[in-house]
Protein chains: 2
Amino acid sequence: MNTRELVELAQQLRVDSVRASAAAGSGHPTSSMSAADLMAVLLAHHLRYDFDRPAHPGNDRFVLSKGHASPLLYSAYKAAGAVDDEELLTFRKLGSRLEGHPTPRQLPWVETATGSLGQGLPVGVGIALSGKRLDRTGYRVWVLCGDSELAEGSVWEAAEHAGHEHLDNLTAIVDVNRLGQRGPTRHGHDLDAYARRFQAFGWHTVEVDGHDVDAVDRAYGEAISTKGQPTAILARTLKGKGVADVEDREGLHGKPLKNADDAIAELGGVRDIRVEVHEPPAARMLHAVRTGHLELPRFEKGEEVATRNAFGQALAALGTGRGDVVALDGEVGDSTRAEFFAKEHPDRYFECYIAEQQMVAAAVGLAARGWVPYASTFAAFLTRAYDFVRMASISGSGINLVGSHAGVAIGQDGPSQMGLEDLAMMRAVHGSTVLYPCDANQTAHLVAEMAGLEGVRYLRTSRGESPVIYGPDEEFPIGGSKVLRASDQDRMTIVAAGVTVPEALAAADSLDREGVKVRVIDLYSVKPVDRLTLRQAAEETGCLVTVEDHHEEGGLGDAVLDAFGDGRPVPRLVRLAVRTMPGSGSPDEQLHAAGIDAESIAAAGKLLVEEAVVR
Amino acid sequence: MNTRELVELAQQLRVDSVRASAAAGSGHPTSSMSAADLMAVLLAHHLRYDFDRPAHPGNDRFVLSKGHASPLLYSAYKAAGAVDDEELLTFRKLGSRLEGHPTPRQLPWVETATGSLGQGLPVGVGIALSGKRLDRTGYRVWVLCGDSELAEGSVWEAAEHAGHEHLDNLTAIVDVNRLGQRGPTRHGHDLDAYARRFQAFGWHTVEVDGHDVDAVDRAYGEAISTKGQPTAILARTLKGKGVADVEDREGLHGKPLKNADDAIAELGGVRDIRVEVHEPPAARMLHAVRTGHLELPRFEKGEEVATRNAFGQALAALGTGRGDVVALDGEVGDSTRAEFFAKEHPDRYFECYIAEQQMVAAAVGLAARGWVPYASTFAAFLTRAYDFVRMASISGSGINLVGSHAGVAIGQDGPSQMGLEDLAMMRAVHGSTVLYPCDANQTAHLVAEMAGLEGVRYLRTSRGESPVIYGPDEEFPIGGSKVLRASDQDRMTIVAAGVTVPEALAAADSLDREGVKVRVIDLYSVKPVDRLTLRQAAEETGCLVTVEDHHEEGGLGDAVLDAFGDGRPVPRLVRLAVRTMPGSGSPDEQLHAAGIDAESIAAAGKLLVEEAVVR
């Protein structure tokens, strides 16, 4: 396209953004209008993408990090012939795939859900890593960012990672329109301020007038030709560009234009320009899954093995069995045991240093490219990335997260290192799976099973050694549980998981010696939960004790009650959990202080069978 | 102290770090040894601090961001005479106040709990903001950081905030010992790499040999004399400095020295040097609380008012009534309505831009200085700061967090903007209070009551307008609830909160028309929960329906069951919550699609009273 045609295309994108938002009665047209020229030039001249074959391995990848500018994205889809005008005007309506903020669940061209700012670039880094280190089909990754979102630390985690990895297949296009939601940004139109920051992190930068299509064209060319560094294009733009009523004005974020018809006229009216987007180069997937033989580690009953060790060994074995498995570390691989994978599969290991947001974002990016990522750190530190986990669930991203050092059982390090909210956090994520194994063989099997699930999967591992209680050939289906003690005289059921399973067994033995038979359930699948077994136990034993190394809210106890939230009779129960703020102490001291050791379980159980109120 | 004395003091700090870790059998001596000279010079020459009067308004503030180097901190306390040698050797033992990672709960000299990396500097920025803009007693804030933790984006949120605010009362001391937990950092000993980054964010930087006490002394002097900019001192150090066996060696992170006695001998043996720390200058608190008259906004029954609006108005009124209330915004103050406070009290308003981690950290810092912070953003985006909220609870920090735009009720914007995990996340925080008002008067009262609570407080507000159902003089105690419908023929209780309260009332009216009397409880205090009222309702009506605009895990339904976890009989119940991934649509469409509107409640309730299983 020549200059005039590019300008016309940009005006069409603006008009369509105004039209879509007007039809919806909501949306962010002004944030779309600032970036219309940037989008037009990219679409017409630089993006290599086959909209009919979004899975084409040679396709460039585009991420709209400023997800609220969705009208611009959908207008671009229309210009590329991927959606028609009628669909464009369904924007933000119930059932439309053109949602308020883009998600990939119905739109195959969307790489990742955006709308929580500062996430597009980190995920783009993950895709670029995939392109550079794994896929190697030569695609480029283009991320359109807003300027406000550069205040998010996650952007600088991404900048650091991309700079360090020399991701020259990655371009950040920053739409510096100087206005955030509630007013001016910190740096306004000071492009140099942003350039200095990106340069410090090892990026090449280009400053450009974002409304000069020829200059933008040259900037993209410069990004493509820059080797050894990612490029940030810092584009000076005006929010609401092209409509005098709204251009560069505050107080208009996220609002449809008041006089849409006038605005459309001012922008030159409705057009129907169709862009021929460049085809991607021929490419084949280099990472076709090598499905080798999966030989999980085997542990003998009675051995003492930490579940984190079993995780590391199983992950390394899974990496051997499956060529599509990759691992990511938050600079604690020696503790989580992800380093076992690193030693065997260094080519598929991504060290993310202490940057949990970037670690999870990279996992989402890798999953978007078909890889099966396992990202691990301390359970406590996954809280750092909760917004990314939440957004991953909106993307329907198939990521595996593994949190080690769960609970008070870690001992001396104290509460900052104890995952005590992780079960609550992960259970509340839509469509998630939450697993908490108690022994090494169970861990190994669950690590392998996670790979095949939908959505966000979470596995919780423990620091200390624990006895192997299952044989290596036992099966552990997701949504299942194990009944470890049962008789027809059981007067109560103890439901435990992870480190509380051995405690529950000891408590059961102790109660047995006092003549009280109790059932013990190992609820390794915290979500989905084994409703049938829990209901049966409730019916047969009358009451339950749940015991967990987690705060009392949102964890195992709540998961158990999920089996009884449909109107059926609910058993009496006592919930044992960590109700105080732990300090330092040995693991045994911690379990005792929290009231979740065998002695505490037995005491609570006894009161319960005597029908006393316990708390 | 002269050079030799400083060197001796540093060696004492090393020896004591080795001894404390040896006595504990765990801990991080090598991470302490690298920073011993930095600490010695600071303590002896530059820190102005009265250990007998930690609340002295003129005291400098020291934050150990690399919290795992706690042996160094406690050794410094010993050198300053604040703890004795006997206590030093209780390190990491059950009941000792010298925990694995420092917390302020028993140690009055600790400003904030650390141990999750990348949090000390952001909290330090909050304290420095307090010093610069509010307290104005001239204190300096010194933050000792590790080099690994500079990979955390939160550090760059802090750098951006401090640079932009010209916090020349803040010094970051970076112990660049080149080794993280599992191996070398990204930049090793490349001090320039860090300097470039800090400079780009507007900081003054000093590069120094961190083991040359005179050079370190000069660096601190330069930091103090630098005006208009915060200073980062980038100190080249060796992990394990001083003991050949461990110095600059990998694989020794977080491990006591194997041959402690030999190491102590190599370091010159045990010393008992006592440092006379400089007294703080005379200062008085300028921010003595002006307790004016609190005049909350009043709303008339039947008005339609969004609870976010009521929050903004109440916060502004609270700011007038209490001089110690401050507000922080994540660049969405026009949406959360925090801007109402900004207009009336701009001197106590902190714009944090889109950097939720820094926003919460700044709140923690301000709370540490005695202010009562209210930090607000969309409920969904508080997930970004979960690790900071978790650590705030360990600090026992009295912060108020307010999340707007909760749930599917926001409508068209879609799931990225919907807080659907916030109740689970906030409930799982130890010692937290979780509030979810349904009308404007209730909101106003709760905003005021939050200020006086202990620990982390969370208030959830809604985007859309809702009817005022309570009079302006009604009281809403924390831990209470409101019974909105009751009779002695109630066959069921609907428990709702926030946007589901009007739906519950409509469902009750509809069931009433069908001859089914139901009780309705407004459970505005989600945590602590009103156990007595719930138990009474269960006894009197037999069964419950809970209905919430939140995912099914960890929210209102689980909170209700918290009343029945002590062995008492549990009522049959049906839990209505958001079980699908919402898309775009109008607020009414969203409530209906999620099955939490009046029609859905009535349908579920009818089945429940008929003793059917509902799900």
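Got a number for residues in region A:108-134 being more than 14 Å from chain B (Cβ to nearest Cβ), buried (at least 24 other Cβ atoms within 10 Å of the Cβ) and not hydrophobic (A, V, I, L, M, F, W, C)?
Summing the residues that are more than 14 Å from chain B (Cβ to nearest Cβ), buried (at least 24 other Cβ atoms within 10 Å of the Cβ) and not hydrophobic (A, V, I, L, M, F, W, C) in region A:108-134 gives 4.
Among (1) on the phi < 0 side of the Ramachandran plot; (2) touching a residue at least 60 places away in the same chain (Cβ under 8 Å), which single condition is A:GLY396 missing?
(1)
I'd like the residue in region B:398-422 that is of a type in the set (A, V, I, L, M) and within 19 Å of B:PRO587 (Cβ to Cβ) and, out of all such residues, is nearest to the other protein chains (Cβ to nearest Cβ). Walk me through how you get there before you give the answer.
First pass over region B:398-422, keeping only residues of a type in the set (A, V, I, L, M): B:399, B:401-402, B:406, B:408-410, B:418, B:420.
Cutting the leftovers down to within 19 Å of B:PRO587 (Cβ to Cβ) gives us B:406, B:408-410, B:418, B:420.
Numbers: B:ALA406: 13, B:VAL408: 12, B:ALA409: 14, B:ILE410: 9, B:MET418: 10, B:LEU420: 7 Å.
Here the residue is B:LEU420.
Is one or more of the residues making up region B:255-264 out of contact with any Phe, Trp or Tyr (no Cβ under 9 Å at 6 or more places or on another chain), surrounded by fewer than 17 Cβ atoms within 10 Å (Cβ to Cβ) and in a helix (DSSP H, G or I)? Steps first, please.
First, the residues of region B:255-264 that are out of contact with any Phe, Trp or Tyr (no Cβ under 9 Å at 6 or more places or on another chain): B:255-264.
So of that shortlist, the ones also surrounded by fewer than 17 Cβ atoms within 10 Å (Cβ to Cβ) come out as B:255, B:258-259, B:261-262.
Next, from what is left, pick out any that are in a helix (DSSP H, G or I): B:261-262.
Scanning region B:255-264, I find at least one residue that is out of contact with any Phe, Trp or Tyr (no Cβ under 9 Å at 6 or more places or on another chain), surrounded by fewer than 17 Cβ atoms within 10 Å (Cβ to Cβ) and in a helix (DSSP H, G or I), so the answer is yes.
Among the candidates B:LEU150, B:LEU167, B:LEU191, which residue alone is over 18 Å from A:ALA200 (Cα atoms) and at pLDDT 95 or above?
The conditions single out B:LEU167.
For region A:8-25, enumerate the residues that are within 14 Å of chain B (Cβ to nearest Cβ) and part of a helix (DSSP H, G or I). Before the answer, list the steps.
Quick first cut of region A:8-25, residues within 14 Å of chain B (Cβ to nearest Cβ) only: A:20-25.
If the condition is that a residue be within 14 Å of chain B (Cβ to nearest Cβ) and part of a helix (DSSP H, G or I), then A:ALA20, A:SER21, A:ALA22, A:ALA23, A:ALA24 are the ones that fit.
Every residue, every condition in (1) modelled with pLDDT of 95 or more; (2) crowded, with 23+ Cβ neighbours inside 10 Å, yes or no:
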| position | (1), (2) |
| --- | --- |
| B:THR291 | no, no |
| B:GLU295 | yes, no |
| B:LYS301 | yes, no |
| B:GLY319 | yes, yes |
| B:ALA338 | yes, yes |
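Examine region A:448-467 for a residue that is within 20 Å of A:ILE601 (Cβ to Cβ), of a type outside the set (Ser, Thr, Tyr) and surrounded by fewer than 24 Cβ atoms within 10 Å (Cβ to Cβ), and state whether such a residue exists.
Yes, the conditions are met somewhere in region A:448-467.
Kindly establish whether B:ASP490 is assigned to a loop (DSSP other than H, G, I, E, B), touching a Lys or Arg at 6+ places or on another chain (Cβ under 6 Å) and farther than 28 Å from A:ALA385 by Cβ. Give the steps one after another, and end with the answer.
Values: assigned to a loop (DSSP other than H, G, I, E, B): yes; touching a Lys or Arg at 6+ places or on another chain (Cβ under 6 Å): yes; farther than 28 Å from A:ALA385 by Cβ: yes.
It is true that B:ASP490 is assigned to a loop (DSSP other than H, G, I, E, B), touching a Lys or Arg at 6+ places or on another chain (Cβ under 6 Å) and farther than 28 Å from A:ALA385 by Cβ.
Consider B:PHE350 carefully, then state whether it is touching a residue at least 12 places away in the same chain (Cβ under 8 Å), of a type in the set (Phe, Trp, Tyr), out of contact with any Cys (no Cβ under 7 Å at 6 or more places or on another chain) and over 25 Å from B:VAL123 (Cβ atoms). Steps first, answer last, please.
Values: touching a residue at least 12 places away in the same chain (Cβ under 8 Å): yes; of a type in the set (Phe, Trp, Tyr): yes; out of contact with any Cys (no Cβ under 7 Å at 6 or more places or on another chain): yes; over 25 Å from B:VAL123 (Cβ atoms): no.
No: the conditions fail for B:PHE350.
Of A:GLY251, A:GLY302, A:GLY240, which residue is over 30 Å from B:SER335 (Cα atoms) and either part of a helix (DSSP H, G or I) or small (Gly, Ala, Ser) (or both)?
On the way: A:GLY251 fails: over 30 Å from B:SER335 (Cα atoms); A:GLY240 fails: over 30 Å from B:SER335 (Cα atoms).
Sole residue among the options that is over 30 Å from B:SER335 (Cα atoms) and either part of a helix (DSSP H, G or I) or small (Gly, Ala, Ser) (or both): A:GLY302.
Among (1) in contact with a strand residue (DSSP E or B) (Cβ under 8 Å, 6 or more places away or on another chain); (2) in contact (Cβ under 8 Å) with a residue 24 or more places away in the chain; (3) not in a loop (DSSP other than H, G, I, E, B), there is one condition B:GLY479 misses while meeting the rest; what is its number?
All conditions pass for B:GLY479, except number (3).
Out of B:ALA379, B:ALA375, which single residue is within 13 Å of chain A (Cβ to nearest Cβ), of a type in the set (A, V, I, L, M, F, W, C) and in contact with a helix residue (DSSP H, G or I) (Cβ under 7 Å, 6 or more places away or on another chain)?
B:ALA379 is the lone residue from the list that is within 13 Å of chain A (Cβ to nearest Cβ), of a type in the set (A, V, I, L, M, F, W, C) and in contact with a helix residue (DSSP H, G or I) (Cβ under 7 Å, 6 or more places away or on another chain).
Here's a check for you: in region B:317-331, which residue that is closer than 28 Å to A:GLU250 by Cα and in contact with a Phe, Trp or Tyr (Cβ under 6 Å, 6 or more places away or on another chain) is nearest to the other protein chains (Cβ to nearest Cβ)?
B:GLU331
Yes or no, residue by residue, for (1) farther than 23 Å from B:ASP84 by Cβ; (2) crowded, with 19+ Cβ neighbours inside 10 Å; (3) touching an Asp or Glu at 6+ places or on another chain (Cβ under 7 Å); (4) modelled with pLDDT under 95:
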residue: B:GLY228; (1), (2), (3), (4): yes, no, yes, no
residue: B:ALA235; (1), (2), (3), (4): yes, yes, yes, no
residue: B:GLY240; (1), (2), (3), (4): yes, yes, yes, no
residue: B:VAL243; (1), (2), (3), (4): yes, yes, yes, no
residue: B:VAL246; (1), (2), (3), (4): yes, yes, no, no
residue: B:LEU267; (1), (2), (3), (4): no, yes, no, no
residue: B:ARG271; (1), (2), (3), (4): no, no, yes, no
residue: B:ALA283; (1), (2), (3), (4): yes, no, no, yes
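Of the numbered conditions (1) in contact (Cβ under 8 Å) with a residue 40 or more places away in the chain; (2) acidic (Asp, Glu); (3) in a loop (DSSP other than H, G, I, E, B), A:ASP217 satisfies every one except a single condition; which is it?
Going through the list (1) in contact (Cβ under 8 Å) with a residue 40 or more places away in the chain; (2) acidic (Asp, Glu); (3) in a loop (DSSP other than H, G, I, E, B), A:ASP217 breaks only (3).
Restricting attention to region B:440-469, report how many residues are in a loop (DSSP other than H, G, I, E, B), within 18 Å of B:LEU318 (Cα to Cα) and in contact with an Asp or Glu (Cβ under 9 Å, 6 or more places away or on another chain).
Here the count works out to 1.
If you scan region B:406-438, which residues turn out to be of a type in the set (A, V, I, L, M, F, W, C) and closer than 21 Å to B:ASP562 by Cβ?
At the first step, the residues of region B:406-438 found to be of a type in the set (A, V, I, L, M, F, W, C) are B:406, B:408-410, B:418, B:420, B:423-426, B:428-429, B:434-435, B:438.
Scanning region B:406-438 gives B:ALA406, B:LEU420, B:LEU423, B:ALA424, B:MET425, B:MET426, B:ALA428, B:VAL429, B:VAL434, B:LEU435, B:CYS438.
Please go through region A:360-392 and give me each residue that is among the small types (Gly, Ala, Ser) and in contact with a strand residue (DSSP E or B) (Cβ under 7 Å, 6 or more places away or on another chain), ordered by number. Steps first, please.
First pass over region A:360-392, keeping only residues among the small types (Gly, Ala, Ser): A:361-363, A:365, A:367-368, A:370, A:375-376, A:379-380, A:385, A:392.
If the condition is that a residue be among the small types (Gly, Ala, Ser) and in contact with a strand residue (DSSP E or B) (Cβ under 7 Å, 6 or more places away or on another chain), then A:ALA362, A:ALA363, A:ALA367, A:ALA375, A:SER376, A:ALA379, A:ALA380 are the ones that fit.
When you scan region A:501-615 for strands (runs of 3 or more DSSP E) that lie fully inside it, which ones turn up with 3 or more residues that are more than 14 Å from every other protein chain (Cβ to nearest Cβ) and at pLDDT 95 or above?
Those strands (runs of 3 or more DSSP E) span A:519-522.
Table: residues versus (1) crowded, with 21+ Cβ neighbours inside 10 Å; (2) without any contact (Cβ under 8 Å) to a residue 60 or more places away in the chain.
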site: A:ASP558; (1), (2): yes, no
site: A:PRO569; (1), (2): no, yes
site: A:LEU573; (1), (2): yes, yes
site: A:ALA577; (1), (2): yes, yes
site: A:THR580; (1), (2): no, yes
site: A:PRO587; (1), (2): no, no
site: A:GLN590; (1), (2): yes, no
site: A:ILE596; (1), (2): yes, no
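Of all residues being more than 9 Å from chain A (Cβ to nearest Cβ), in a helix (DSSP H, G or I) and in contact (Cβ under 8 Å) with a residue 60 or more places away in the chain in region B:140-194, which is surrounded by the most Cβ atoms within 10 Å (Cβ to Cβ)? Just the residue, please.
B:ALA162
I'm checking my understanding of the structure. Among residues of region A:54-80 that are touching a Phe, Trp or Tyr at 6+ places or on another chain (Cβ under 7 Å) and in a loop (DSSP other than H, G, I, E, B), which one is surrounded by the fewest Cβ atoms within 10 Å (Cβ to Cβ)?
Across region A:54-80, the extreme among qualifying residues is A:PRO54.
Taking the condition of being in contact with a His (Cβ under 9 Å, 6 or more places away or on another chain) and in contact (Cβ under 8 Å) with a residue 40 or more places away in the chain, how many residues in region A:127-136 meet it? Write out each step before concluding.
First, pick out the residues of region A:127-136 that are in contact with a His (Cβ under 9 Å, 6 or more places away or on another chain): A:129-130, A:132, A:134-136.
Okay, now just the ones that are also in contact (Cβ under 8 Å) with a residue 40 or more places away in the chain, so A:129-130, A:134-136.
Selection size over region A:127-136: 5.
The values are calculated or read from the model by the stated rules, or taken from the named source; none is laboratory data. Because the structure is predicted, anything quoted here is derived from the model rather than measured. Quick reminder, even Gly has a Cβ in these numbers, built from the backbone with ideal geometry, and neighbours come from all protein chains shown.
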